[in-house]
Amino acid sequence: NITTAEGHCHVVKAFIALKDDNAPLALALFKKATEVSPEIGPAWLNLGAQYLKAKNFEAALPPLKKAIHLLPQRSQAHLNLGSAYRGLEKVIKAKAAYEMALKLRGNNYPAALFNLGILYLDAEKFPGMPKLQQLNMAVSYFNRYKQAGGARSADDPVDGYLKGALRAIRSEKRKVAREKKRAARAAAKKAAAGSKPNGGSE
């Protein structure tokens, strides 16, 4: 098929452009590959990855969804989709995409574990989850990442993130304790006010 061959040719040229640190050319070539050969999954996957690298999360979604349609078993496609959703602060969709990437690698995919840790750590709020539980989930995923052999270099950032998560947990525990004390004082004050006699003569 001539168009398929042309599409693959654009993909190869795009990878050469990436090696030459020419990201704009690479993006244009991956895009051209998807236009001439829309059946080539890696072209869509890498187009989405280029948008993701440029932090254009909205633009990354359609090509990554197309990549998943063409390459449903490619864990990298699900991982990238999760990162696009995370960039758009759609935490539930990001979580689902990361978990699918993890599942495809037998629950032992360091990149997915690390990104799940970041997701739980950085999210302003996880629907239906107390902040303390959310932070503990972040710690759990960072530890699983280390156990999975993710932290192989001295400059791996995971320990910094772990320290940050543990600091946030301590801070949140103090906040919860203060709120409990305030609530207890307010309840005691209300109870004392309710037990006072109204006064007046009989």
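Would you mind finding the one in ALA67, ALA94 that is closer than 20 Å to VAL11 by Cα, at pLDDT 95 or above and either open to solvent by 40 Å² or more (accessible area, probe 1.4 Å) or in contact with a Lys or Arg (Cβ under 8 Å, 6 or more places away or on another chain) (or both)?
Of ALA67, ALA94, the one residue that is closer than 20 Å to VAL11 by Cα, at pLDDT 95 or above and either open to solvent by 40 Å² or more (accessible area, probe 1.4 Å) or in contact with a Lys or Arg (Cβ under 8 Å, 6 or more places away or on another chain) (or both) is ALA67.
Rundown of residues vs (1) over 12 Å from LEU116 (Cα atoms); (2) assigned to a helix (DSSP H, G or I); (3) open to solvent by less than 30 Å² (accessible area, probe 1.4 Å), yes/no style:
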position	(1), (2), (3)
GLN134	no, yes, yes
VAL139	no, yes, yes
ASN143	no, yes, no
ARG167	yes, yes, no
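Within the set of pairs 6+ apart or on separate chains, which have a first residue in the range 111-133 that is more than 19 Å from GLY160 (Cα to Cα), a second that is open to solvent by less than 10 Å² (accessible area, probe 1.4 Å), and C-beta atoms under 6 Å apart?
Going by the 6 Å Cβ cut-off, the qualifying pairs are PHE126/GLN134.
Please determine whether any residue of the range 101-122 is of a type in the set (Lys, Arg) and under 24 Å from ALA67 (Cβ atoms).
yes
In the range 20-55, what residues are part of a loop (DSSP other than H, G, I, E, B) and within 20 Å of GLY87 (Cβ to Cβ)?
Hits for the range 20-55 are ALA54, LYS55.
In the range 110-138, what residues are more than 14 Å from the chain's Cα centre (by Cα) and over 17 Å from LYS175 (Cβ atoms)?
Hits for the range 110-138 are PRO127, GLY128.
Has the range 5-15 got at least one residue that is part of a helix (DSSP H, G or I), open to solvent by 70 Å² or more (accessible area, probe 1.4 Å), of a type in the set (Asp, Glu) and closer than 24 Å to TYR85 by Cβ?
no
The values are calculated or read from the model by the stated rules, or taken from the named source; none is laboratory data. None of the values given here were measured: they were computed from a predicted structure. Because the Cβ atoms are built from the backbone with ideal geometry, glycine has one as well, and the counts that use them run over all protein chains shown. These accessible areas exclude ligands, DNA and RNA; they are computed on the full protein's heavy atoms, side chains included. Shrake-Rupley method; radii C 1.70, N 1.55, O 1.52, S 1.80 Å.
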